[in-house]
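A.B. asks: Take a look at the following structure, please.
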Amino acid sequence: MEKRVVITASAAITPIGHHKDEVIDSLVNGKSGVKELRDDKLLTDRVASKVFGTVSCPIEFNFERKYRKTMGPVAYYACQVVKEALESSGLDKGFISSGRLGVAFGSTHGSPTVQRDIYKTFFSHSQSKFSSIGAVDYLKSMVHTTAVNITKMFGITGRVISSSTACTTSSQSIGFGYEAVKYGLQDAMICGGADEYDTTTVAVFDNLLACSTDFNDTPHLTPRPFDTKRDGLVVGEGAGALLLEEYEFAKKRGAGIIGEVIGFSCNNNGGDLILPNMNGITETIKLGLQNAKIGPDEVDFVCAHATATKMGDVAEAMAIYKAYGDEPYVTGLKSYMGHTMGSCGVIEAIITLYMMEQGIIAPTLNLDEVDERCSMIRHTKKLRESDIRIAAIQNFAFGGVNTSLLIKKFE
Amino acid sequence: MTREEIQSKILIVFKEEFEITNPGLDENLTEKYDFDSIDALELLGEIETLLGSELTRDEKKASMDIRTINQICDYIEQLAKKRIS
């Protein structure tokens, strides 16, 4: 039997704020979180893109050493947002460790900061053969470091899913978590993703000529999804967590319900691992609608992946038009934050929930002149007071992975 | 290195690296301070730095039953002597 899955808590660390009020203020006032790329003393001089979606708010990671010792920065981010989400949920410790709460959490890779330190050891000219790699370096740099540090810190004993599919990491986390609750495998799942400051990712996209470089001196003017002057994506950092619960369970314990996940889809383009694919995206949108058992006309808002690459935005706009027509408002939230990689799906889902609650739709920042190849859809060009009843959050990743999440305002 | 020097250096390592301040010399570190297998492996790295040489596999295995600061000091004392001779 399929169960209803509701969202009962959220927390995010983003380039446009840590808490809900800060994020909403940035959306309403058009504040960008894109800043000058911080110097890493390694790669920054060699990459052409000098901008980064930067988390600049102070965050007190006051974890005990017994938890801290196996965490790189990415796991700090992950555990902080999960801590905030669990604290606000009111779930008791007995349930958290009961085996009925699971974790679906990931990052693009383990901590790149720690990985770099390991490589430095390998490639340094030091003759020292001892103490070269710390005992915990693997635990900090392994691909499921976020998920298992969460289990350890909070004593979670349910199932563990650790997606690591680049830009669809956290949308998959939410989707797989949703399926775990929907089919009764768990009563609740804490879902999300995180990625830390990392210039390796910048260098990778830079080499592919996919990073923005024209606005190095004016970081707030990039990225520019769907705009004629867009020149590529901006890599960023951040984290987000959503708590999903089975509806009857949440209702029984008196949880505050902030939304409902009504559908999820995931497919693959089945071909090129880099190029965007309009057919693949269209198909995942249609599969998501089928999964949610709704028609395309019921979706009021599309939170587009919209990385601001030349080809990606066009393929996505065409797919949105093909699946939804020109009715739903479309916003590319990366225009505010850059591309927060493994955390983008969950952060965009959380911001969509904020907008649902506030009755607003934020515009795509820096969208001054819509590229005519993207003009067939209904772009949000200015802040709107508008109720979102059903929203679609779509994300696409290297490797040809596509996801669509359907979220409904709780009624 | 004298026994006192070893003990002093190990207590500094425990304070700075493991955030354990002034543990009793015969207290069970696992029971009292949650000093776990990951900490034990980190400690071996610190001991290598202290001795200025790599530990052999057998030497590492010999550390597995160590539970107290005094036992750690005994272990290092033996290793130091072995390296001198």
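The values are calculated or read from the model by the stated rules, or taken from the named source; none is laboratory data. Remember, predicted model here, so these are calculated numbers, not experimental data. Neighbour counts are summed over all protein chains in view; Cβ atoms, including those assigned to glycine, are modelled from backbone coordinates with ideal geometry. Accessible surface areas use protein heavy atoms only, side chains included; no ligands, DNA or RNA. Shrake-Rupley method; radii C 1.70, N 1.55, O 1.52, S 1.80 Å.
A.B. asks: Could you tell me which of the residues A:136, A:114 is at the interface with chain B (Cβ under 10 Å from one of its Cβ atoms) and either modelled with pLDDT of 95 or more or closer than 25 Å to residue A:191 by Cα (or both)?
C.D. replies: The match here is A:136.
A.B. asks: Name every residue in the range A:337-364 that is over 18 Å from the mean Cα position of the chain (by Cα) and open to solvent by 10 Å² or more (accessible area, probe 1.4 Å), in order of residue number.
C.D. replies: Of everything in the range A:337-364, those that are over 18 Å from the mean Cα position of the chain (by Cα) and open to solvent by 10 Å² or more (accessible area, probe 1.4 Å) turn out to be A:357, A:358, A:359, A:360, A:363.
A.B. asks: Moving on to the next point. Working only within the range A:203-220, note down all residues that are closer than 18 Å to residue A:56 by Cα and under 22 Å from the mean Cα position of the chain (by Cα).
C.D. replies: A:219, A:220
A.B. asks: Here's another thing I want to ask about it. In the range A:1-51, which residues are small (Gly, Ala, Ser) and under 21 Å from residue A:89 (Cα atoms)?
C.D. replies: Selection gives A:9, A:10, A:11, A:12, A:17.
A.B. asks: Considering (1) outside any strand (DSSP E or B); (2) of a type outside the set (S, T, N, Q); (3) open to solvent by less than 20 Å² (accessible area, probe 1.4 Å), say which one residue A:391 fails and leave the rest.
C.D. replies: It is condition (1) that residue A:391 fails.
A.B. asks: Any idea which of (1) in contact (Cβ under 8 Å) with a residue 24 or more places away in the chain; (2) open to solvent by 30 Å² or more (accessible area, probe 1.4 Å); (3) within 30 Å of residue A:119 (Cβ to Cβ); (4) basic (Lys, Arg) is the one residue A:69 doesn't satisfy?
C.D. replies: (2)
A.B. asks: Tell me, yes or no, whether the range A:80-102 has at least one residue that is open to solvent by 30 Å² or more (accessible area, probe 1.4 Å) and over 30 Å from residue A:251 (Cα atoms).
C.D. replies: no
A.B. asks: Here's a follow-up. For residue A:333, state whether it is out of contact with any helix residue (DSSP H, G or I) (no Cβ under 8 Å at 6 or more places or on another chain), open to solvent by less than 20 Å² (accessible area, probe 1.4 Å) and of a type in the set (A, V, I, L, M).
C.D. replies: On the way: out of contact with any helix residue (DSSP H, G or I) (no Cβ under 8 Å at 6 or more places or on another chain): no; open to solvent by less than 20 Å² (accessible area, probe 1.4 Å): yes; of a type in the set (A, V, I, L, M): yes.
Here the answer is no, as residue A:333 does not meet what is asked.
A.B. asks: Looking only at the range A:59-85, count every residue that is of a type in the set (D, E, K, R), more than 14 Å from chain B (Cβ to nearest Cβ) and assigned to a loop (DSSP other than H, G, I, E, B) and tell me the total.
C.D. replies: Selection size over the range A:59-85: 1.
A.B. asks: Let me ask you something else. Output the helices (runs of 4 or more DSSP H) that fall wholly within the range A:98-201 and possess 3 or more residues being among the acidic types (Asp, Glu) and out of contact with any Leu (no Cβ under 9 Å at 6 or more places or on another chain), or say none.
C.D. replies: Counting at least 3 such residues, we get no helices (runs of 4 or more DSSP H) at all.
A.B. asks: How many residues, within the range A:262-295, are among the aliphatic types (A, V, I, L, M), part of a helix (DSSP H, G or I) and open to solvent by 30 Å² or more (accessible area, probe 1.4 Å)?
C.D. replies: Residues in the range A:262-295 being among the aliphatic types (A, V, I, L, M), part of a helix (DSSP H, G or I) and open to solvent by 30 Å² or more (accessible area, probe 1.4 Å): 2 in total.
A.B. asks: Just for helices (runs of 4 or more DSSP H) wholly inside chain B: which have at least 1 residues that are open to solvent by 50 Å² or more (accessible area, probe 1.4 Å), within 12 Å of chain A (Cβ to nearest Cβ) and closer than 29 Å to residue A:64 by Cα?
C.D. replies: Of the helices (runs of 4 or more DSSP H) lying wholly inside chain B, those with at least 1 residues that are open to solvent by 50 Å² or more (accessible area, probe 1.4 Å), within 12 Å of chain A (Cβ to nearest Cβ) and closer than 29 Å to residue A:64 by Cα span B:3-16, B:29-33, B:37-51, B:57-61.
A.B. asks: Same structure again: Conditions first: (1) in contact (Cβ under 8 Å) with a residue 60 or more places away in the chain; (2) of a type outside the set (Ser, Thr, Tyr); (3) buried (at least 24 other Cβ atoms within 10 Å of the Cβ). Residue A:368 passes all but one, so which condition is the exception?
C.D. replies: (3)
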